[in-house]
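The values are calculated or read from the model by the stated rules, or taken from the named source; none is laboratory data. Note that this is a predicted model, so its numbers are computed, not measured. Positions of Cβ are backbone-derived with ideal geometry, glycine not excepted, and every protein chain shown enters the neighbour counts.
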Amino acid sequence: MKISVIIPTFNSAKTVEDTIKSIISQNWPDIQVIIQDGGSTDGTKDIVDRYPVAMFGWDATPDNGIYDAMNKGINRATGEVVAILNSDDVWLPGTLKRVAEVFSRNPDVGIVSGSIEVWEDLPNGARVVLKSSLLHLRTGMTIQHPATFVRRNVYERVGLFNTCYRIGADYDFVLRCLEANIPCIILNDILVRMRAGGKGGSTFNFDDWTIRRSHKLSSVINETCICANSFAQYLTRQVVLKIFGRKILSALRGCLWNRRIYR
């Protein structure tokens, strides 16, 4: 089974090497590595150039954000299964073997998603394992996108990411897949280790509100309550960071993570 992995990069010199190494260490016999770069100026290309399998898939063209980069990568993908791995995340050992086994045993399944370990790159930083879940999508994106693998024909059927969304297009994509009755399997396996603080790090964004409303998942009143709660959490984080510093914020973040019902 050929697997294509897309790594969107932009000034990722500090982390992209770990990402590439985690892919190579899978020892997968048929893999396509696509580096979709948005015009890095920090030496990202110099690092990628050390790894021929990654450099072969290098493309540096201006894009309109991370989802546009993902779409460009998907259009270049030739594998039966497509993965998207952020340039500061890593696959854990055995990830591709586990995922390929599931796809092989279930030829009708279009999506396989597992768990992620999120960690803060700090001494004694917060850590938590977050599971993918289909049960709580009415409240937000509960499919862990870095640990999600999609058959390429699903993109052909459902479409690519909607670049109108700045940080929520993966949420919209998953909902479109469910509406199209794309079969999905959720694994308990931890497939990805992810640094905290990425594009989904903020608790407050209007993309989720717009997406839930466009898919008719909740009422205006319910959305108002969700947004108010998210905004309150956002303000709390900013106040804690300003007054007490990152160490206390890390402890608070750990408490919030551990309260998540889809852990």
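Let's see how each residue does on (1) in contact (Cβ under 8 Å) with a residue 12 or more places away in the chain; (2) charged (D, E, K, R); (3) at negative phi:
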site	(1), (2), (3)
Ser40	yes, no, yes
Thr44	yes, no, yes
Pro52	no, no, yes
Lys72	yes, yes, yes
Val112	yes, no, yes
Ser115	yes, no, yes
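Just to verify a result, which residue in region 141-185, among those that are part of a helix (DSSP H, G or I) and of a type in the set (A, V, I, L, M), is farthest from Arg105 (Cα to Cα)?
Residue satisfying both the conditions and the ranking: Ala169.
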Subset of region 198-216 (residues that are modelled with pLDDT of 75 or more and either in contact with a helix residue (DSSP H, G or I) (Cβ under 6 Å, 6 or more places away or on another chain) or surrounded by 15 or more Cβ atoms within 10 Å (Cβ to Cβ) (or both)): Asp207, Asp208, Trp209, Thr210, Ile211, Arg212, His215
Contacts under 8 angstrom Cβ, first residue in region 1-26 being closer than 9 Å to Ser87 by Cβ, partner part of a loop (DSSP other than H, G, I, E, B) and of a type in the set (A, V, I, L, M), 6 or more apart: Ile7/Leu85; Thr19/Leu85
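Could you list, in sequence order, all residues of region 34-88 that are of a type in the set (A, V, I, L, M, F, W, C), in a helix (DSSP H, G or I) and either assigned by TED's automatic domain parsing to the domain that holds Asp170 or surrounded by fewer than 18 Cβ atoms within 10 Å (Cβ to Cβ) (or both)?
Of region 34-88, the ones of a type in the set (A, V, I, L, M, F, W, C) are 34-35, 47-48, 53-56, 58, 60, 66, 69-70, 74, 77, 81-85.
Of the ones still in play, those that are also in a helix (DSSP H, G or I) are 47-48, 53-55, 66, 69-70, 74.
Of everything in region 34-88, those that are of a type in the set (A, V, I, L, M, F, W, C), in a helix (DSSP H, G or I) and either assigned by TED's automatic domain parsing to the domain that holds Asp170 or surrounded by fewer than 18 Cβ atoms within 10 Å (Cβ to Cβ) (or both) turn out to be Val53, Met55.
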In region 3-33, the residues that are among the β-branched types (Val, Ile, Thr), within 22 Å of Arg152 (Cβ to Cβ) and in a loop (DSSP other than H, G, I, E, B): none
From the options Leu96, Leu122, Leu134, residue that is touching a helix residue (DSSP H, G or I) at 6+ places or on another chain (Cβ under 9 Å), assigned to a helix (DSSP H, G or I) and not assigned by TED's automatic domain parsing to the domain that holds Pro8: Leu96
Pairs, first in the same structural domain as Ser250 (by TED's automatic domain parsing) and in a helix (DSSP H, G or I) in region 220-240, second among the small types (Gly, Ala, Ser) and surrounded by 12 or more Cβ atoms within 10 Å (Cβ to Cβ), C-beta under 8 Å, six or more apart: Ile226/Ser218; Tyr234/Ser202
Any hit, region 155-170, residues being among the hydrophobic types (A, V, I, L, M, F, W, C), buried (at least 18 other Cβ atoms within 10 Å of the Cβ) and under 21 Å from Thr95 (Cβ atoms): no
